[in-house]
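**Student:** Have a look at this one before I ask anything.
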Protein chains: 2
Amino acid sequence: MPASVQTGTGQLPITQSFSAAVAGTRDAALDGTVQRFVTQLSRQTGIPFRPKPGATATLQIHADHGRQAVQKLGEDESYELTVTDSGAKLTASTSLGVLRGLQTFLQLAQIMPTGFAVPAVTIKDQPRFPWRGTLIDVSRHFIPIDVLKRNLDGMAAVKMNVLHWHLSDDQGFRVESKVFPKLTGMGSDEMFYTQEEIRDLITYAHDRGIRVMPEFDIPGHSRSWFLGYPELSSGAGPYTLEGGGIDPIMDPTRESTYKFLEKFIAEMAKLFPDAYFHIGGDEVDGKQWDANPQIQAFIHAHGMKNNQDLQAYFNQRLQKIVAKNHKIMVGWDEILHPDLPKTIIVQSWRGQESLAAAAKQGYSGLLSFGYYLDLMWPAARHYAVDPMSGAAATLAPEEKSRILGGESCQWAEWVTPENIDSHIWPRNAAIAERLWSPLEVQDVASMYTRMNAVSLDLEWLGLTHRSARPRMLHRMAGAADITALRNLADVVEPVKDYNRWDDAKGPIDFHAPLTRMIDAVYPESDTARRFSDLVQAFVQSGFSDRAAETQIRMWLTTWRDNDLRLHSVLDQTFLLREDEPLSQDLSALGAAGLQALDYLDKAQPAPDAWKTQQLAVIEQAKARKADLLLMVAAPVQQLVEGSAGQHN
Amino acid sequence: MPASVQTGTGQLPITQSFSAAVAGTRDAALDGTVQRFVTQLSRQTGIPFRPKPGATATLQIHADHGRQAVQKLGEDESYELTVTDSGAKLTASTSLGVLRGLQTFLQLAQIMPTGFAVPAVTIKDQPRFPWRGTLIDVSRHFIPIDVLKRNLDGMAAVKMNVLHWHLSDDQGFRVESKVFPKLTGMGSDEMFYTQEEIRDLITYAHDRGIRVMPEFDIPGHSRSWFLGYPELSSGAGPYTLEGGGIDPIMDPTRESTYKFLEKFIAEMAKLFPDAYFHIGGDEVDGKQWDANPQIQAFIHAHGMKNNQDLQAYFNQRLQKIVAKNHKIMVGWDEILHPDLPKTIIVQSWRGQESLAAAAKQGYSGLLSFGYYLDLMWPAARHYAVDPMSGAAATLAPEEKSRILGGESCQWAEWVTPENIDSHIWPRNAAIAERLWSPLEVQDVASMYTRMNAVSLDLEWLGLTHRSARPRMLHRMAGAADITALRNLADVVEPVKDYNRWDDAKGPIDFHAPLTRMIDAVYPESDTARRFSDLVQAFVQSGFSDRAAETQIRMWLTTWRDNDLRLHSVLDQTFLLREDEPLSQDLSALGAAGLQALDYLDKAQPAPDAWKTQQLAVIEQAKARKADLLLMVAAPVQQLVEGSAGQHN
């Protein structure tokens, strides 16, 4: 949602004669941008454009200035877009603003009774925050370049401007180092990016107005480094990528560690042109330090009180190395320490309190708490999280200005190249809007309308967030028809937060197939949300809204009858057997809801015994099964309770 | 379906430890083949394979010999595949046979109650015909290399071995010629393949056991040549790719034409290594020859009787040029003439009679009649066409041996890169089976079972024959939910044969968008076929099969209620307005069918007046609308007629 929108009258038709022309500053990059825009508009509309040579362009583009060779934080992204029934004009101070404005134009183009068109409108737009990113973890599961590229296209579509590339972690080191070849040689399972691929991806991102910030997470989360270079670690090893035992940490007490990091960071600082360099710094489990007498001796000898002091010492040394390479250090909450210069940036996975505390001390910060896509929250919940809310709301203006924005995070414990798109999209669009649009833009229903529209547009960029699911359902179902399986998949969601796994199960096997129902379904069920909305409308009407009831009945009937169609399929494949109880529960919910409607229609309260029985069925249906939750249990419960007269 | 299949007991589990090993002849190409096979099996099953180093391979592969550098017609494609519960063995005389056997293995891998597995089996297999091709026309609509590549993957999956690349026609010349740059410079709308892209595609095809035969269609179908080189044409010009007026033909009376072709064919013969070179030769509309006094004078001066004789003269000259470049000439039916040497090959679009006539005269031939994918026939109809049926069935054995196989044809009047896959697949798999499997393999129901299984497997190759439709429906529907639109799309098919267009509409605009419902739907409706099968079962049970009736009711109810859900959507977008009557007809069919079932359930014949009225409704529903046919009208008619007692 742009900062300012003034709707006009009429609309600009998009026909075969559509064309876009660039005036003002012009270079090959901007021409490429416009060419991609035209291709995308052609895909969305299905129109092969054939403008008449010499005709006035439909969309006139003007940028006063070009862009920085390396995109800068805070570089001007503003633009103005005016659309009338006879043409459109996009002006911006920089060609970066043009990039953003073209995405707005694409979002405005829509099908109408008369053809494709863009409604007449005057837009003046700029982002609320200068840092709007997505973190993609490529260590837990390797994500190939082509998958990253299509996700960069998605990020550009929603005007995000930072890819935070989480390149190393316990489970894999993913960047070719020519100085230390054993990093990938022994620590990557042969799944890593060459430096050439990285340069290519950075160019690809730059073309789309996206900075690429690398993260090498140290001193914790660093087991993969130690397969090739065990001398960096605080324990004895040997190490395997599979892990087990206590979490290895880098040894901050040896000078050789810093010599290694000097060379490594010098190499990486050249490879990654962005001004920011993320060193991780989160979740340092001190067990290896506790267990190492030399490290404990070092702590005492240097008058430190504990492991936190040792990490602070490490970070100070690290910060000097990073600064020597002309980079600004970024790290997670835990790096915050008064001995570090105010130039560093703190990224908060802990919350706005942590961010506010940093801002008060003069540190700039980014919010990621509340934007963890891997926690399987609905878009509305992410959308409600604002970097300026909570403790941050009470900051002084100067302190507030230190909050630069935020980043969504796609940690990769449970994603593969096959399903990562549906874990990121479309929910990431809601977070992108939170970071771009004015604070006042808060209406959840209208956010969902925009998010669903963007979701369809993303299809034309090659993202597979919608197309992967049918393939995965077919794999599970074998040759069987998947209609009934889709009905079930449509109303379940994965368990939330970190509930898919617990320590009692032992370490996660990162090489196991991710081909279960939980891996194929969407993190947020559209169907359940719509059904719940219908039930709310029906309840609020005092159970008198007949149109709502008809639709509710349709859904409930489908669900009640679904297990009959699905049962024989579930039985025949090992991947679906665990879903049998879910399917039975869904049918039971359908039956309960229909009976509740029958009581409501007869206008006689349902008997208590029936109600008690149904609530037990619903309670059973709410229980997690196959790591999934049936999201329509709660609205059915409202119907059952309503039919028993509580709401009448 | 292999030539010989002997089922065993048990099954070979496909687990993370799966691996394949090559013994015997081994080269980089075969290693690449096996690597692609493993990747594909991993995609189908979703299992990231991690075999233990040193463990015995699950699948042992042995080829006695390698392959020809340029794949030859009739090169040995046979293989033997033995699968037991403890391992699998694939042996072949050549590595080309290995390619075919690996595809069989992929088709056998399936999900079971215990996991993924391949059933125990012994297969001895070889193709019935040595020439099993698909023609793809890239002139009417340009089809980019990546789209061709995924279709080559599909062809390899069904063991086809020839891509017949229809590279030039009236609407566009698609191959870079360095000798005659104006061919693409003026005749391609800038949509053509560079020679480097062509070499790359040929390598890609060779790696998959597919020959690439180019076709340059002359002397007719050649308008695109004349934009750059009008001196080749029999008329005055000027020419445009859009056309209009009479169809231009090449001038066979000038020596300069042959000088041009000498140079051109020499260049192309080097570019395309295949031994066969297709010169088209079809549908020569003689109007330009009739209108040109010099050409008529030439005909008389050389004692020719008519235009056909002139084309025969042209073909003889052409054949000598082709032969001089060490290629065998191939052309359509019309080139058949006793003056041409017996080495040439005739491709028949006219039928088996034409093929038999050629075989009797000593000419080898290929069947394409009956395999035109653009005619929108159901797979079963293509499947019923055999190169050896009709007139060919009565040939002597030696004559029969001249029938080399056949080719499906995807002419590109009505396809774009977006929807071409769904026009080719999965129906092409039925034609592939006709050409590979023994004549006795004829059962249509079992063909559909295999075709549907292959169709799902093709998804893992990146073909978009199933995934493009939802995107196209979303484009038509705008932001609206597409469930009801999909219900409608599921039961319609495009009009058949050449009925989409007639001359009264003027020439086809090849630059127009192809974004209507007819462009999004499948050529053959699965749902209609299944519904029809259900109704047949119900009728044959004397209307007593309750299970069938329940399912029939479910469908009919969905359709009856569908227009209510869909109407408001259709109204809102210009691309769907034309489908309103279809949607209404579908609802009427649903209602008629349900009423018929009610009469049947009551075991009283439906009244005559009702029947008459319903038959009128059905007749109306059968009429073509928006160039579409409602494929469930006929089975509903059976229900209505049955309920009136005719079948009781």
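**Student:** In the list A:G8, A:G24, which residue meets the criterion of being modelled with pLDDT under 95 and either within 14 Å of another protein chain (Cβ to nearest Cβ) or surrounded by 13 or more Cβ atoms within 10 Å (Cβ to Cβ) (or both)?
**Tutor:** A:G24
**Student:** Let me ask something else about it. Exactly one condition in (1) aliphatic (A, V, I, L, M); (2) within 24 Å of the chain's Cα centre (by Cα); (3) buried (at least 22 other Cβ atoms within 10 Å of the Cβ) is not met by A:L201; state its number.
**Tutor:** Unmet for A:L201, out of (1) aliphatic (A, V, I, L, M); (2) within 24 Å of the chain's Cα centre (by Cα); (3) buried (at least 22 other Cβ atoms within 10 Å of the Cβ): (3).
**Student:** Conditions first: (1) surrounded by fewer than 16 Cβ atoms within 10 Å (Cβ to Cβ); (2) assigned to a helix (DSSP H, G or I). B:F574 passes all but one, so which condition is the exception?
**Tutor:** (2)
**Student:** Residue check, A:Q604 against (1) of a type outside the set (G, A, S); (2) free of Cβ contacts under 8 Å to residues at least 40 places away in the same chain; (3) surrounded by 19 or more Cβ atoms within 10 Å (Cβ to Cβ); (4) more than 14 Å from chain B (Cβ to nearest Cβ), all met but one. Which one?
**Tutor:** With respect to (1) of a type outside the set (G, A, S); (2) free of Cβ contacts under 8 Å to residues at least 40 places away in the same chain; (3) surrounded by 19 or more Cβ atoms within 10 Å (Cβ to Cβ); (4) more than 14 Å from chain B (Cβ to nearest Cβ), A:Q604 is out only on (3).
**Student:** Something else about it: So in the stretch A:184-198, with the set limited to residues that are in a loop (DSSP other than H, G, I, E, B) and touching a strand residue (DSSP E or B) at 6+ places or on another chain (Cβ under 8 Å), which one is surrounded by the most Cβ atoms within 10 Å (Cβ to Cβ)?
**Tutor:** Residue satisfying both the conditions and the ranking: A:S188.
**Student:** Quick one: count up the residues across the stretch A:307-337 that are in a helix (DSSP H, G or I), hydrophobic (A, V, I, L, M, F, W, C), under 20 Å from A:F264 (Cβ atoms) and at pLDDT 95 or above.
**Tutor:** 5
**Student:** Let me spell it out: the conditions are (1) within 14 Å of chain A (Cβ to nearest Cβ); (2) free of Cβ contacts under 8 Å to residues at least 12 places away in the same chain; (3) assigned to a helix (DSSP H, G or I); (4) surrounded by 15 or more Cβ atoms within 10 Å (Cβ to Cβ), and B:A537 meets all of them except one. Which number is the exception?
**Tutor:** Unmet condition: (1).
**Student:** Just to be sure, is A:T557 of a type in the set (S, T, Y) and under 22 Å from B:A547 (Cα atoms)?
**Tutor:** So A:T557 fits the description; yes.
**Student:** Only one of (1) surrounded by 23 or more Cβ atoms within 10 Å (Cβ to Cβ); (2) closer than 17 Å to A:S422 by Cβ; (3) aliphatic (A, V, I, L, M) is not met by A:M160, so which one is it?
**Tutor:** It is condition (2) that A:M160 fails.
**Student:** Let me ask something additional. I'd like to know if the stretch A:144-166 contains one or more residues that are in contact with a Cys (Cβ under 6 Å, 6 or more places away or on another chain) and away from chain B (no Cβ under 14 Å).
**Tutor:** no
**Student:** Right, here's the next one. Within the bounds of the stretch A:451-470, is there any residue that is in contact with a His (Cβ under 8 Å, 6 or more places away or on another chain), hydrophobic (A, V, I, L, M, F, W, C) and within 7 Å of chain B (Cβ to nearest Cβ)?
**Tutor:** So far as the stretch A:451-470 goes, yes, one or more of its residues are in contact with a His (Cβ under 8 Å, 6 or more places away or on another chain), hydrophobic (A, V, I, L, M, F, W, C) and within 7 Å of chain B (Cβ to nearest Cβ).
**Student:** Would you point out the residue of the stretch A:204-245, among those that are buried (at least 22 other Cβ atoms within 10 Å of the Cβ) and acidic (D, E), that is nearest to A:G74 (Cα to Cα)?
**Tutor:** Here the answer is A:E215.
**Student:** Conditions: (1) among the hydrophobic types (A, V, I, L, M, F, W, C); (2) within 30 Å of A:E433 (Cα to Cα); (3) touching a helix residue (DSSP H, G or I) at 6+ places or on another chain (Cβ under 6 Å). A:I202 meets all but one. Number of the miss?
**Tutor:** (3)
**Student:** Something else: Let me confirm something: among B:D290, B:D274, which residue is more than 30 Å from the chain's Cα centre (by Cα) and among the charged types (D, E, K, R)?
**Tutor:** Within the list B:D290, B:D274, the selection yields B:D290.
**Student:** Which one of these is on the phi > 0 side of the Ramachandran plot and of a type in the set (A, V, I, L, M, F, W, C): B:M388, B:M376?
**Tutor:** Residue meeting the stated conditions: B:M376.
**Student:** Return the residues of the stretch B:161-183 that are within 13 Å of B:V138 (Cα to Cα) and either part of a helix (DSSP H, G or I) or of a type in the set (F, W, Y) (or both); say none if nothing qualifies.
**Tutor:** Listed by number, the residues that qualify are B:W165, B:F173.
**Student:** Just checking, which of B:Q288, B:Q319 is in contact with a Ser or Thr (Cβ under 7 Å, 6 or more places away or on another chain) and closer than 24 Å to B:E262 by Cβ?
**Tutor:** Of B:Q288, B:Q319, the one residue that is in contact with a Ser or Thr (Cβ under 7 Å, 6 or more places away or on another chain) and closer than 24 Å to B:E262 by Cβ is B:Q288.
**Student:** Please enumerate the residues belonging to the stretch B:48-107 that are in contact with a Leu (Cβ under 9 Å, 6 or more places away or on another chain), surrounded by fewer than 21 Cβ atoms within 10 Å (Cβ to Cβ) and hydrophobic (A, V, I, L, M, F, W, C).
**Tutor:** Once the filter is applied, which keeps residues that are in contact with a Leu (Cβ under 9 Å, 6 or more places away or on another chain), surrounded by fewer than 21 Cβ atoms within 10 Å (Cβ to Cβ) and hydrophobic (A, V, I, L, M, F, W, C), the stretch B:48-107 yields B:F49, B:L73, B:L106.
**Student:** For the stretch B:598-618, indicate whether the set of residues that are outside any helix (DSSP H, G or I) and in contact with a helix residue (DSSP H, G or I) (Cβ under 6 Å, 6 or more places away or on another chain) is non-empty.
**Tutor:** yes
**Student:** With (1) assigned to a loop (DSSP other than H, G, I, E, B); (2) more than 28 Å from B:E197 (Cα to Cα) as the list, and B:P273 as the residue in question, which single condition is left unmet?
**Tutor:** Checking B:P273 against (1) assigned to a loop (DSSP other than H, G, I, E, B); (2) more than 28 Å from B:E197 (Cα to Cα), the one that fails is (2).
**Student:** Looking at (1) over 22 Å from the mean Cα position of the chain (by Cα); (2) over 30 Å from B:D509 (Cα atoms); (3) small (G, A, S), find the lone condition where B:S177 falls short.
**Tutor:** Just one mismatch for B:S177, condition (2).
**Student:** Since B:V22 meets every condition but one in (1) farther than 21 Å from A:A512 by Cβ; (2) touching a helix residue (DSSP H, G or I) at 6+ places or on another chain (Cβ under 9 Å); (3) assigned to a helix (DSSP H, G or I), which condition does it not meet?
**Tutor:** (3)
**Student:** On the given criteria, is A:F298 aromatic (F, W, Y) and over 18 Å from A:I218 (Cα atoms)?
**Tutor:** Spelling it out, A:F298 is indeed aromatic (F, W, Y) and over 18 Å from A:I218 (Cα atoms).
**Student:** Could you grab me the full set of residues in the stretch B:11-21 that are hydrophobic (A, V, I, L, M, F, W, C) and away from chain A (no Cβ under 14 Å)?
**Tutor:** Within the stretch B:11-21, B:L12, B:A20, B:A21 meet the criteria.
**Student:** What tally of residues in the stretch B:571-580 results from selecting those that are within 16 Å of B:R486 (Cβ to Cβ) and either without any contact (Cβ under 8 Å) to a residue 24 or more places away in the chain or more than 11 Å from chain A (Cβ to nearest Cβ) (or both)?
**Tutor:** Number of matching residues: 1.
**Student:** Identify, by number, the condition in (1) within 14 Å of chain B (Cβ to nearest Cβ); (2) crowded, with 20+ Cβ neighbours inside 10 Å; (3) in contact (Cβ under 8 Å) with a residue 60 or more places away in the chain that A:L435 doesn't meet.
**Tutor:** All conditions are met except number (1).
**Student:** When only residues in the stretch A:104-143 that are within 30 Å of A:I47 (Cα to Cα) and of a type in the set (G, A, S) count, which is farthest from the other protein chains (Cβ to nearest Cβ)?
**Tutor:** Within the stretch A:104-143, the match that is farthest from the other protein chains (Cβ to nearest Cβ) is A:A120.
**Student:** Filtering the stretch B:607-633 down to residues that are hydrophobic (A, V, I, L, M, F, W, C) and over 25 Å from B:V569 (Cα atoms), which residue is surrounded by the fewest Cβ atoms within 10 Å (Cβ to Cβ)?
**Tutor:** B:A609
**Student:** Quick one: would you say A:L556 is in contact (Cβ under 8 Å) with a residue 40 or more places away in the chain, within 14 Å of another protein chain (Cβ to nearest Cβ) and either surrounded by fewer than 18 Cβ atoms within 10 Å (Cβ to Cβ) or out of contact with any His (no Cβ under 8 Å at 6 or more places or on another chain) (or both)?
**Tutor:** Answer is no for this residue.
The values are calculated or read from the model by the stated rules, or taken from the named source; none is laboratory data. Everything numeric in this text was worked out from a predicted model, so none of it was measured. Cβ: placed from backbone, ideal geometry, glycine included. Neighbour counts: every protein chain shown.
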